[in-house]
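Accompanying notes for the structure given below.
The values are calculated or read from the model by the stated rules, or taken from the named source; none is laboratory data. All values derive from a computational prediction rather than experimental measurement. Methodologically, a virtual Cβ is constructed for each residue, glycine included, from the backbone with ideal geometry; neighbour enumeration extends over all protein chains shown.
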Amino acid sequence: MVNFEKVRVEKKETIGQRLEKVLALTAEEINEQLRKYAPDNKNIPYVDSGGQIEMTAFRVKHGGPYAQEDIRHDQQTINNCLDSWGGLYKEEVKKRFEQKAGRELSIEELRLAYQKEQQKSEGHLTEVVITILLHRYLKDRLIIMRTAPYDDYQGIVGQAGRVDHLMIDKKSGKVICTFDDIEVVGDESRLETKQEKIKKIAHSGGAHIKYGFSLDGEGADKKLIRGSLHNVPAFYLQMNKETLQEMIEEIGNNKNNQPTEKEIFMASSLLGQLQQQSSQMLKEQEYLPTKLKQNLLATQELFNHI
C-alpha cells in the first residue's frame, strides 16, 4: 500500500490530506462545468466531493428521470455490495471496526468505516490521481468525472462490467468514452483479466451507464441531459505503483492548481493509452455492433485532435 502519510507538504498537512483537498477542489470545478449547462439547477451537486456522480441529482424533483424509489433501490444494491465486499455481517469484522471506533456501530456506520478504509487502497488512489490529472490537463475541452456508485459497482451484480470514469466532449456534447482504472503491481494476470473484460463489453455493444450525463443543443444553447447511456466505448487505464507514488507526491506538492510538467507528461501518457486502445478496437470493428462502431469513430476523431 502506498504510504503517503509519511510524506508531508507542510508541518500540519500530509500528502494524503492535501490530495483530498485537491480532489474536493477538482470536484467543485467539475460541478461548475456541469452547472454551466443547467442554469435552472445551479444549487444541485452533480458530483460529490470525490468527483463521483451524485445519484440524487437524477431525481424527478431535480429535473432528472428517476423516481426516488428507483434511486433508493439502486442505493440498496450498493449497500448489498458493500456488505458483501467488506464482510460487514461477520462478527470479527464488526468487532475490528468497533474497536477502532471505541463503540458499537450501526450497519450504516460500518459501511462508512469500510469505505473510509478502502480510500487508502492503491485502487482508490489510482482512481483519484487519474481524475485529477486528466481534469487538469483536459478541462478546457472535456468534462471528466467518476461514475456514480451504482455504475461503479454494477460489474458484480450481473451487468456488462463496472467502469470508473465518464468523459464528455464539451464541443459536441457527446460522451466520448468510459474507462476503468487498474494499478499494476507486477501481477500480469490482473491486466489480462481487465483486457478480456473490456473486449467482452465491446462485443456486447459497449458500456451501459444508468447515471450518465450528456449535452444537447448547439453553442450557448447546450443543455445538460441526465439519464442512461448506451453503446459507450469502454477502455482501461493502467498505472504502476512507483508512478502512482510519484504522482501522489507531485499533486500533493503542487499548490497552483495548474498541471506541472510531470503531470502533463503523465496525463498525456494516459490519453495515449486510450487512443491506442481505441485504434486497436477499430481494427477489429467487423466484430462490433454498428452503434458502438460509430461511437468509436467519433471517439478516435476527438483523440486525434486533442
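So, of the residues in region 1-22 that are among the aliphatic types (A, V, I, L, M) and closer than 13 Å to residue 255 by Cα, which turns out to be modelled with the lowest pLDDT?
The selected residue is 9.
In region 193-223, which residue that is of a type in the set (Ser, Thr, Tyr) and over 17 Å from residue 166 (Cα atoms) is surrounded by the most Cβ atoms within 10 Å (Cβ to Cβ)?
Applying the filter and picking the extreme gives 204.
Only one residue in 163, 129 is in contact (Cβ under 8 Å) with a residue 40 or more places away in the chain, part of a loop (DSSP other than H, G, I, E, B) and either over 19 Å from the mean Cα position of the chain (by Cα) or under 27 Å from residue 199 (Cβ atoms) (or both), so which one is that?
Selected residue: 163, the only one of 163, 129 that is in contact (Cβ under 8 Å) with a residue 40 or more places away in the chain, part of a loop (DSSP other than H, G, I, E, B) and either over 19 Å from the mean Cα position of the chain (by Cα) or under 27 Å from residue 199 (Cβ atoms) (or both).
Looking at (1) in a helix (DSSP H, G or I); (2) farther than 18 Å from residue 165 by Cβ, which is the only condition residue 30 fails?
Every condition holds for residue 30 apart from (2).
Would you confirm, using the coordinates I've provided, whether residue 25 is surrounded by fewer than 20 Cβ atoms within 10 Å (Cβ to Cβ), assigned to a helix (DSSP H, G or I) and at pLDDT 85 or above?
Judged against the criteria, residue 25 is a match.
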